[in-house]
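Read through the structure below, which is laid out as structure tokens, and then see the notes.
Just so you know, all these numbers are worked out from the coordinates, no wet-lab data involved. All of these numbers come straight from a predicted model, not from anything done at the bench. Cβ sites come from the backbone with ideal geometry, for glycine too, and all protein chains shown count toward neighbours.
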Amino acid sequence: MNTFSLTSNSFQNAADATPLPYDVVSIQSQVIYGSVGNSIAVPALTKQGLRVAAVPTVVLSNTPHYTTCYGGELPGEWFRGYLNGFVERGSLDSVRAILTGYLGSPEKAQDLADWLTLVRKERAALPVIVDPVMGDEDSGFYIPPEIAEVYRDKVIPLATGIIPNKFELMTLSGKQVNNLDDATAAARSLLKGNTQWVIITSAFQPDDDNIEVVCVTKDDVAVIRHKRYPVTPKGTGDLFGAELTAQLLAGLSVPDAAKMACLRIEQAIIHMAATGRSELIL
């Protein structure tokens, strides 16, 4: 039987220690109370057996739709340090996917692009899934619109796949989207660089009871129809990104992973309503 003797040096040589393994780096917002950003993505990924390095872009007490909200965007120096420090600790080799969500500013989008460029040099085939959070059709932009140019020109070409809503797709592609053909053409215009697929969330609402999600690759288009619920909790897009990432890492195809992610969202909404809450709960 092999034995290992603990000595004082066993706990002191941090620089020589084996790096902690992480499956996913998740870069997005964090709230103390609520279920958006990493506050829903990390539990969802962890529930699927994945170890997550959570990198915050903003830290808030809760989402701004409550009567009070505290906190804000993290300094760029901190954000860059979080990303670079992770690489410097040696854990990038174990990472199986990178997921990004709410960034909040063009500056952070540029910081992300710079970091992903370095990551691509080390791990050229690493899956990078980008949710280009900017706004929606009802509200328009809810962050500085200048971020769109950074996403389009710097971030998206480094992504394996992107998960915009219809507003974000139109913004990034510069094309109007009124039907499936429009959506397909707009999505395919973004398939450049590393980008292999686009999933358009809440793409169309064919009737009062259903919503369609559209998965587009260079050669194929798949439409997923799922039930529309009368409640619209915050964080469904963040949960979709996390569940999609988990299913892709489990070996599912992009359309099948998207179908499973839609199912997980439905289950979370049903559970939320059944427990009388207004925030998603897994």
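Roughly how tilted is helix 236-249, in degrees to the nearest 10 and between 0 and 90, from the longest Cα axis of the chain?
So the inclination is approximately 60 degrees.
State the number of lysine pairs found in the chain whose Cα atoms come within less than 23 Å, restricting to pairs 8 or more positions apart or on distinct chains.
25
Scattering from the C-alpha atoms of region 203-282 alone, worked out with Debye: what is log10 I(q)/I(0) at q = 0.11, 0.27 1/Å?
Treating every Cα as an identical point scatterer, log10 I(q)/I(0) equals -0.30, -1.34.
Given the chain reduced to its alpha-carbon atoms as identical point scatterers, what log10 I(q)/I(0) does the Debye formula return at q = 0.11, 0.12, 0.14, 0.15 Å⁻¹?
-0.63, -0.74, -1.01, -1.16
Where Lys and Arg each count +1 and Asp and Glu each count -1, what net charge lies around R123 among other residues with Cβ under 12 Å from its Cβ? Walk me through the numbers on the way to the answer.
Working: positive: R96, R120, K121; negative: D93, E122.
Value of the local net charge: +1.
Calculate the length of the line joining the C-alpha centroid of region 14-75 to that of region 203-277, in whole Å.
Measuring centre to centre over Cα atoms gives 21 Å.
Counting Lys and Arg as +1 and Asp and Glu as -1, what is the net charge of the other residues whose Cβ lies under 11 Å from the Cβ of N62?
On the way: positive: K234; negative: E279.
Net charge in that neighbourhood comes out at 0.
By how many degrees, 0 to 90 and rounded to 10, does the Cα axis of helix 38-47 deviate from the longest principal axis of the chain?
Its long axis makes an angle of about 70 degrees.
For region 101-157, state which trypsin sites (Lys or Arg not before Pro) are in a DSSP loop and have at most 12 other beta carbons lying within 10 Å of their beta carbon.
Working: sites: K108, R120, K121, R123, R152, K154; in loops: R123.
Passing both the DSSP loop test and the Cβ count: no residue.
Expected output is a single nm value to one decimal: the length gained when fully extending between D93 and K227, i.e. 0.36 nm times separation in residues minus the C-alpha distance. What is it? Please report the intermediate quantities before stating the final value.
Details: separation 134, 0.36 × 134 = 48.24 nm, distance 3.92 nm.
Roughly 44.3 nm would be gained on extension.
Report the trypsin sites (Lys or Arg not before Pro) located in region 161-250 that are in a DSSP loop and have at most 12 other Cβ atoms inside 10 Å of their Cβ, or state none. Please list the in-between numbers first.
Working: sites: K166, K175, R188, K192, K218, R225, K227, R228, K234; in loops: K175, K192, K218, R228, K234.
Sparse-neighbourhood loop trypsin sites (Lys or Arg not before Pro): K192, K218.
Cα axis of helix 106-122 to longest principal axis of the chain: angle in degrees, 0 to 90, nearest 10?
Relative to the chain, helix 106-122 is tipped by roughly 60 degrees.
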